[in-house]
C-alpha cells in the first residue's frame with residue numbers, strides 16, 4: 001500500500017476535537033515520509049512517561065521493508081506558566097534481528113508563539129550504521145485559543161552521516177484537536193511529511 005493511500009485512509013479515520021498531547025491510556029497513529037523512509041507507526045502510552053509501539057518501515061536508503069518494536073521514554077518535562085520543555089529517549093529493535101536497532105534523543109521547547117526542537121538518532125544495521133540529526137525552529141503567526149486551528153511557520157535542518165550534508169527547508173505545521181500535520185519540501189530530499197492522530 002503506497003504512503004499516499006495510507007495518508008488518505010488516516011484522514012478518513014480522524015476526528016479533530018481535542019489538543020494533541022500525550023496522556024495516560026492514550027494511543028497515537030503516525031505516518032511519516034521523507035528521503036530516508038516511509039513508515040506507519042502506532043504506539044500506546046500506559047502512562048504519560050512512556051510509550052510502546054510498532055512501526056512498519058519501507059527503507060528508501062537500503063531498499064528494505066521491516067518493522068520496529070519501539071519504546072519512548074519521557075526523560076524530562078518542565079512546564080511553566082508560559083512554556084513547556086520535553087526531552088525524550090527513543091529506541092527500537094527491528095524484525096530483522098538484534099543487530100538492527102536504533103536509539104536516540106529528541107526534545108522541544110515551546111511557548112504559544114515560539115517553537116524549537118532537535119533530534120539525534122543512531123541507527124545500527126547489518127548493511128551500514130549511520131546517524132540522523134535534525135534541528136527545527138518556528139513561530140506561530142497568530143496565537144489560537146483552545147480548539148482553534150493552530151499554525152506554525154518553521155525552518156528545519158536535517159543531516160545524516162550517509163550523505164553528510166545539511167539540508168534546510170521551510171516547513172508548515174498545523175494542528176487542531178487530536179490531529180497534526182507537518183510538511184516541508186526541499187529539492188534534494190523531496191517531501192518531508194509527518195501526520196499524527198491521538199485517540
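Go through segment 187-199 and give me each residue that's part of a loop (DSSP other than H, G, I, E, B) and under 17 Å from the mean Cα position of the chain (by Cα). Give the steps one after another, and end with the answer.
Filtering segment 187-199 for residues part of a loop (DSSP other than H, G, I, E, B) gives 187-189, 199.
Matches in segment 187-199: 189, 199.
Evaluation of residue 33 against the conditions (1) under 19 Å from residue 196 (Cα atoms); (2) surrounded by fewer than 16 Cβ atoms within 10 Å (Cβ to Cβ) shows that the sole unmet condition is (2). Which one is nearest to the chain's Cα centre (by Cα), of the residues in segment 42-51 that are surrounded by 19 or more Cβ atoms within 10 Å (Cβ to Cβ) and in contact (Cβ under 8 Å) with a residue 24 or more places away in the chain? Filtering segment 42-51 for residues that are surrounded by 19 or more Cβ atoms within 10 Å (Cβ to Cβ) and in contact (Cβ under 8 Å) with a residue 24 or more places away in the chain, the one nearest to the chain's Cα centre (by Cα) comes out as 43. Suppose the filter is surrounded by fewer than 14 Cβ atoms within 10 Å (Cβ to Cβ) and modelled with pLDDT of 95 or more; does residue 55 pass it? When the stated conditions are applied, residue 55 does not pass them. What residue, among those in segment 63-73 that are in contact (Cβ under 8 Å) with a residue 24 or more places away in the chain and buried (at least 16 other Cβ atoms within 10 Å of the Cβ), is farthest from residue 26 (Cα to Cα)? For segment 63-73, the residue satisfying everything is 66. Taking segment 171-186 as the range and being assigned to a strand (DSSP E or B) and surrounded by 15 or more Cβ atoms within 10 Å (Cβ to Cβ) as the test, the residues that pass are 171, 173, 175, 176, 179, 180, 181, 182, 183, 184, 186.
The values are calculated or read from the model by the stated rules, or taken from the named source; none is laboratory data. In this text, all values refer to a predicted model and were calculated from it rather than measured experimentally. Heads up, the Cβs are rebuilt from the backbone with ideal geometry, glycines too, and the neighbour counts pull from every protein chain shown.
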